[in-house]
Amino acid sequence: MPSGSVLTSLTQTPPAIRSILFALMMAVFLSALDQTIVAVSMPAISAQFKDVELLAWVISAYMVALTVAVPIYGKLGDLYGRRKLMLFGLGLFTLASLFCGWAQSMEQLVLARVLQGIGAGGMVSVSQAIIADIVPPRERGRYQGYFSSMYAVASVAGPVLGGLMTEYLSWRWVFLINLPLGIAALVIAWRTLNGLPIPQRKPVIDYLGTVLMIIGLTALLLGITEIGQGHGLDNRNVRTLLGLAIFTLALFVWYERRAPEPLLPMHLFANRSAVLCWCTVFFTSFQAISLIVLMPLRYQTITGGGADSAALHLLPLAMGMPMGAYFAGRRTALTGRYKPLILTGALLMPLSILAMAFTPADSLVLMSLFMVLTGIATGMQFPTSLVGTQNSVTPKDMGVATSTTNLFRSLGGAVGVAIMSALLLAMLQHTGVGRLDAAALGGEGSSGSVLLDSLNAASGPALESLRVELAMTFRHLLMVSAAVSLLGLAAAWAMPNNLLRGRE
């Protein structure tokens, strides 16, 4: 997103909305930052606590808790008002960050990350619902684009800040940095969110539906995470978790159809426009998050580059996302139509991924170009699909519709990483990597650790041969990714070309 255009747009925003927007952007930035800043500190955390078994859950616990919390915040915001929920989420996130920084064992750290994720879930979904409360649909695209810019900034700043603080201070500062930022966001939100609308209807809490959804979504996400960490469907834990998820979520749907005040109203799934927007968000997140995980691994293993240069390899993707969001937001405000922008992004996505598949990993200019285009395609779909969803529902369902959009976004990313990582491990079994480390490929461990360990064990001509095989493996993997993105294109094509409600 061109910085000059952003500054000009913000200065043209009414002062009251500008103050609220600043508070919401800080909340979204904090939530997004904690998804990217922690990864680089994992070796230091593991070294201090001498615990490898729970290490992956330092990240997974946060993501699972955030995903499960999002729809609950959406419904509670519709019932009690969004200011209370935003302040609660910010407060819990900041306090949990202190617990993370003080953790004396891996178990304490994982538990604190769960609390942190619960707080972050409110910061994300409530922020977007607040914009829906104060801005008409036709103008929302550009405001949601600002949130996309926060995700882009966090994706670049997170690894850099995390690396610097872990290297020169301590891994604990990766969490403690949230204290001044969280307190500042809390004070600003307290002062600026006073004028938000307060629901007049009597709140009725769907306790049983909430419990069923928490159990079902948690089991589903844990099962997906296990698959992404190298376990197959023949694993007993995976089968148990997925079976529990299917049973509990089916029971949840049955109960929600009969509940007087359902946590997730089933009538929303009869709304064609909303459902197709959710499908678009799911497949866009499937591509974006899996590419964020796999593209640095591709660069690092094929070219031999270090982790720092592999992280910078994602910079064009991070730059493209706010560019696409800004352009799409402006166009939807001008034309009042969101489908053409979603459809354009959905068409650009498979083309740019396919282009990356046939571009050498060390071709800096071409890879940067196609990564930027992929980021633009992602940015054109995320905020625009959210605006399309909000435009298609009534005000009383605004919070739950917004949170459901974020739920599909989180599920898409989790499923994307799990499926693409599992597929990569399966493909590696038929390469030289599989012959070098068949035991690792058949057991536990991520695709990244298997690849790097195998490459470290090879040298000379054997290493070059492995890299040639890996280049072909990643090409096939990206071709599969491009094919999956056609499902998102089909959803965008079938979407009604509705007109956004006016500027009044």
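Residues considered: 329, 320, 336, 345. Of these, the only one that is under 19 Å from residue 156 (Cα atoms), touching a helix residue (DSSP H, G or I) at 6+ places or on another chain (Cβ under 7 Å) and not β-branched (Val, Ile, Thr) is 320.
Suppose the filter is within 19 Å of residue 408 (Cβ to Cβ), touching a residue at least 12 places away in the same chain (Cβ under 8 Å), assigned by TED's automatic domain parsing to the domain that holds residue 367 and of a type in the set (Phe, Trp, Tyr); does residue 252 pass it? It is false that residue 252 is within 19 Å of residue 408 (Cβ to Cβ), touching a residue at least 12 places away in the same chain (Cβ under 8 Å), assigned by TED's automatic domain parsing to the domain that holds residue 367 and of a type in the set (Phe, Trp, Tyr). Please tell me if residue 288 is of a type in the set (A, V, I, L, M), in a helix (DSSP H, G or I), closer than 21 Å to residue 491 by Cβ and at pLDDT below 90. Criteria met by residue 288. Filtered by the rule that a residue be modelled with pLDDT of 85 or more and charged (D, E, K, R), the stretch 207-236 gives a lone residue, 236.
Residues of the stretch 30-68 that are within 15 Å of residue 161 (Cα to Cα) and either of a type outside the set (Ser, Thr, Tyr) or more than 18 Å from the chain's Cα centre (by Cα) (or both): 30, 32, 33, 34, 35, 37, 38, 39, 40, 41, 42, 44. Report yes if some residue within the stretch 196-206 is surrounded by 14 or more Cβ atoms within 10 Å (Cβ to Cβ) and closer than 30 Å to residue 26 by Cβ; otherwise report no. Scanning the stretch 196-206, I find at least one residue that is surrounded by 14 or more Cβ atoms within 10 Å (Cβ to Cβ) and closer than 30 Å to residue 26 by Cβ, so the answer is yes. For residue 327, state whether it is closer than 26 Å to residue 139 by Cα, within 16 Å of the chain's Cα centre (by Cα) and assigned to a helix (DSSP H, G or I). The answer is no for residue 327. Is there a residue being closer than 23 Å to residue 216 by Cα, in contact with a Cys (Cβ under 9 Å, 6 or more places away or on another chain) and surrounded by 23 or more Cβ atoms within 10 Å (Cβ to Cβ) anywhere in the stretch 82-97? No, because not a single residue in the stretch 82-97 is closer than 23 Å to residue 216 by Cα, in contact with a Cys (Cβ under 9 Å, 6 or more places away or on another chain) and surrounded by 23 or more Cβ atoms within 10 Å (Cβ to Cβ). Pairs meeting the criteria (first residue in the stretch 349-361 and assigned to a helix (DSSP H, G or I), second residue among the aromatic types (Phe, Trp, Tyr), beta carbons under 6 Å, at least 6 apart or on different chains) are 352/370; 355/370; 356/370. Applying the criterion of being hydroxyl-bearing (Ser, Thr, Tyr) and within 12 Å of residue 125 (Cβ to Cβ) to the residues of the stretch 46-74, the residue that is modelled with the highest pLDDT is 73. Residue check: residue 446 meets all listed conditions (1) farther than 26 Å from residue 155 by Cα; (2) modelled with pLDDT under 70 but one, namely (1).
Just one of the listed residues (293, 275) is surrounded by 17 or more Cβ atoms within 10 Å (Cβ to Cβ) and modelled with pLDDT under 85, namely 293. A search for C-beta distances below 7 Å between a residue of the stretch 115-131 that is assigned by TED's automatic domain parsing to the domain that holds residue 69 and any residue that is of a type in the set (D, E, K, R), counting only pairs 6+ apart in sequence or on different chains, returns 116/34; 120/34; 126/82; 129/82; 130/82; 131/140.
The values are calculated or read from the model by the stated rules, or taken from the named source; none is laboratory data. All values derive from a computational prediction rather than experimental measurement. Don't worry about glycine lacking a Cβ; one is built from the backbone with ideal geometry, like all the others, and counts go over all protein chains shown.
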